[in-house]
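What follows is one structure encoded as structure tokens, with my remarks underneath.
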Amino acid sequence: MSHRKHRRHSGGDSNKQVQIQNPSSAISELVWFYLAAACFKLLLAPAYHSTDFEVHRNWLAITHSLPLSQWYTDETSPWTLDYPPLFAHFERFLSFFAPFFDPIMLDLTRGLNHKSPATILFQRLSVIFSDAVLVYAVYRLTRKLELKERILIWVLVVWSPGLIIVDHLHFQYNGFLLGLLLLSLSALEEGRDLLGGFLFAILLCFKHLFAVAAPVYFVYLLRHYCRGGLFKGFGRLVLMGSVVVAVFAAAFGPFIYYGQIQQVLRRMFPFGRGLCHAYWAPNFWVFYIILDKVLAFILVKLGFNIQAPTASFTGGLVGDSSPFAVLPTVTPLITLGMVLLALVPCLLKAWKNPKPGMITRWVAYAYSCGFLFGWHVHEKASLHFVIPLAVVALKSVEDAKHYFFLSIVSCYSLFPLLFEAQEYPIKVLLLLLHAVLMWLGFSSHFSNNAPKRATQRREDYEVETSGASRNAGFLVGFLGKTYLLGLLAVETWGLFLHPLILGEKLPFLPLMMISIYCSLGIAYSWIWQVRRIIQSN
């Protein structure tokens, strides 16, 4: 019986069997893959970096120069510490190595806006090395797959153009944080629920914005881990709760002791910021804002006395914002309610049938909901669902088509982050290379002659499809091609036609067009995911 079962998963191919059962070989392949990616990312070190570079440099100085009790009260720089305590400790850890490069970067006053070549190199290297967490997490999630499948997913994640643009050019640590998320998901997929919940709690104490998926985690763990009768289930609930509380107590306990927990929370949740970020993230609120402006324009033309808004839709720093002229003002509480409402289909599925093979898809959907309906969403947050969806992209040809479409839209929506001319060829080549590699990889994987995956269990497929559908070739439909070609039209307008036709008039229009057009693509992706979840078994 066990022999036949093993042959069913291995497809009877001895070469595939060796690939699956030799983890040291997979790790060796991944190490070389990581080193190749690191060398490429290192070449980008002298390129553009945003104010986030100074933000993190200042956090290095704060955690190095000040005692713990002053980390969240220092205002030497406007870029104050506003991440949870574990990330502050992560910056503190990095600060031990910073003096070997340039000790001035750790000086609270002299280090302001310090950008020496040594400082830039250190900051870039810190992101590259922290990416090792992401690489290991991808290995955990793909170690049972065939070689070609592993490599394809590694390319989609480790070489993600959006991740390179945001982390290794614009400058952030999303790869490290997403690595923690994927490690948590890999534990849940393996049935190690306690470890998965522990890792997710740690992630939340690194960056609280990942809490959007907390309802999914709660429902899934309650139904999958806390089962087995009243006493056993309650005991497991207490154990899981104790682990989570212990993580938060370790992170936030010292600030409770210092009487600063309210200050920490104010820094973490600055609701005085505008509904949208400085560059409108391509989400639902773009349509709401445009509708408000259109209605105001029409009503003014009809003779109504419409008072112009007194504040901006955006705000990087905390400030009052109530910018709507006609439509009701949106508050953080309203956005929270909309996110929770959008999560209902996913939560119902997790409650009725908590399958480990579905948890990655559910969590990705949760982050899609947070991106589409959340408060003051950064455009960079699209990585929170694009990266996890890469892991499930090979489960069916429909998933591959969706990921192909979504990852291109997401990456293009990040283009405004790199606005200097010298970085333009880099971001274009990254997107084009990503699209070509996806096309070749998916086409090969889903060709009619491609074998079934060796280790993918039947129950991991969330939608039952016919054999013909599962073996269908990878072809993007007419509407998808038309929409993607529209991205080229939007870019052509902003790059060539707008300066030629309008000159310096309406300088905001190219950015607005990118935001509106990408919002259509993100909204379609969300609707597709809702439909996929509802149809799942």
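Every number in this text was worked out from the coordinates using simple rules, so none of it is lab data. The shown structure was predicted, so the numbers you read here are calculated from the model rather than taken from an experiment. A quick note on method: Cβ atoms are made from the backbone with ideal geometry, for glycine too, and the neighbour counts reach across all protein chains shown.
Provide the per-residue ³J(HN,Hα) series for region 48-64, in order, calculated from phi with Karplus coefficients 6.51, -1.76, 1.60 and θ = phi - 60°, each as a whole number of Hz, with x at glycine and proline positions.
Per-residue couplings from phi come out as 4, 9, 8, 5, 4, 4, 5, 4, 6, 5, 5, 5, 4, 5, 4, 5, 7 Hz.
Given all pairs of different Cα atoms, what value in angstroms does the Kirkwood hydrodynamic radius of the chain take?
Numbers: mean 1/r = 0.0403 Å⁻¹.
Answer for the chain: a Kirkwood hydrodynamic radius of 24.8 Å.
What FRET efficiency do you get for Leu340 and Val476 if R0 is 30 Å and r is their Cβ-Cβ distance, rounded to the nearest 0.05?
On the way: r = 33 Å, r/R0 = 1.11.
E(calc), rounded to 0.05, equals 0.35.
Just to compare against my own numbers: the Cα pair-distance distribution for region 28-128, 5 Å bins, whole % per bin, please.
All Cα pairs considered, the percentages come to 2, 13, 23, 22, 17, 11, 6, 4, 1, 0.
Once R0 is set to 35 Å, what does the formula 1/(1 + (r/R0)^6) return for the Cβ-Cβ distance between Glu420 and Met512, expressed as a FRET efficiency to the nearest 0.05? If you can, show how the numbers build up before the last one.
Numbers: r = 20 Å, r/R0 = 0.58.
Calculated value: 0.95.
How many angstrom lie between the Cα centre of region 61-130 and the Cα centre of region 350-392?
One Cα centre to the other: 31 Å.
Which net charge results when you count Lys and Arg as +1 and Asp and Glu as -1 among the other residues whose beta-carbon is under 12 Å from that of Phe101? Numbers along the way, then the final one.
Details: positive: Arg57, Arg124; negative: Asp102.
In short, +1.
Using a cut-off of under 14 Å, list every residue of region 484-506 whose amide N is near the label point 7 Å from the Cα of Ala325 along the Cα-to-beta-carbon line.
Under 14 Å, as judged by backbone N against the label point of Ala325, lies no residue of region 484-506.
Mind checking which lysines have their Cα closer than 16 Å to the Cα of Lys148? Skip sequence neighbours fewer than 8 apart in that chain.
In chain and number order, the partners are Lys16, Lys395, Lys452.
For a test of the definition: using alpha carbon positions, the gyration tensor, and the 1.5 limit on a/c, classify region 27-76 as rounded, prolate or oblate. Show your work: numbers first, answer last.
Working: a/c = 5.07, a/b = 2.08, b/c = 2.43.
Oblate shape, in that a/c is at least 1.5 and b/c is the bigger or equal ratio.
Which net charge results when you count Lys and Arg as +1 and Asp and Glu as -1 among the other residues whose beta-carbon is under 9 Å from that of Val326?
Its environment carries a net charge of 0.
Counting pairs of alpha carbon atoms under 8 Å apart in space and at least six apart in sequence, what relative contact order in percent does the chain give?
Working: 688 pairs, mean separation 86.9, N = 537.
Once normalised by length, the contact order is 16 percent.
Treat the count of other C-beta atoms within 10 Å as a stand-in for reagent exposure and order Glu75, Glu54, Glu398 from fewest to most.
Details: Glu75 7, Glu54 20, Glu398 15.
Going from least to most buried by this count: Glu75, Glu398, Glu54.
If you plug each phi of region 351-368 into the Karplus form 6.51 cos²θ - 1.76 cosθ + 1.60 with θ = phi - 60°, what whole-Hz ³J(HN,Hα) values come out, in order, with x for Gly and Pro?
Calculated HN-Hα couplings, in order: 6, 6, 8, x, 8, x, x, 9, 5, 5, 5, 5, 5, 4, 5, 4, 5, 5 Hz.
What is the calculated FRET efficiency for Gln70 to Ala118, with r their C-beta to C-beta distance and R₀ = 35 Å, to the nearest 0.05?
0.85
Can you tell me the alpha carbon radius of gyration of region 137-200 divided by the globular rule-of-thumb value 2.2 N^0.38 Å?
Values: Rg = 13.0 Å, N = 64, 2.2 N^0.38 = 10.7 Å.
Its radius of gyration relative to the 2.2 N^0.38 Å reference: 1.21.
Using only helices, what value at 222 nm comes out for the chain when you add -39,500 (n - 2.57) per DSSP H run of length 4 or more and divide by the total residues, to the nearest 500 deg cm²/dmol? Write down the numbers at each step before the final one.
Values: 23 runs with 328 residues, N = 537.
-20000 deg cm²/dmol, from helical runs alone.
Filter the chymotrypsin sites (Phe, Trp or Tyr not before Pro) in region 477-511 down to the DSSP loop ones having no more than 16 other Cβ atoms within 10 Å, then list what survives.
Details: sites: Phe478, Tyr483, Trp493, Phe496, Phe508; in loops: Phe508.
Answer in residue order: Phe508.
With 19 Å as the cut-off, how large is the P(r) tail for region 168-243, expressed as percent of Cα-Cα pairs?
Working: 1062 of 2850 pairs.
Across region 168-243, Cα pairs with separations above 19 Å total 37 percent.
Quick check: net charge around Leu66, other residues with Cβ under 14 Å of its Cβ, Lys/Arg +1 and Asp/Glu -1?
Details: positive: Arg92; negative: Asp74, Glu75, Glu91, Asp107.
Within the 14 Å Cβ shell, the charges total -3.
Lys/Arg Cβ at +1, Asp/Glu Cβ at -1, dipole of the chain taken about the Cα centre: which of Phe206, Leu125, Val158 is farthest positive-ward?
The residue sitting most towards the positive pole is Val158.
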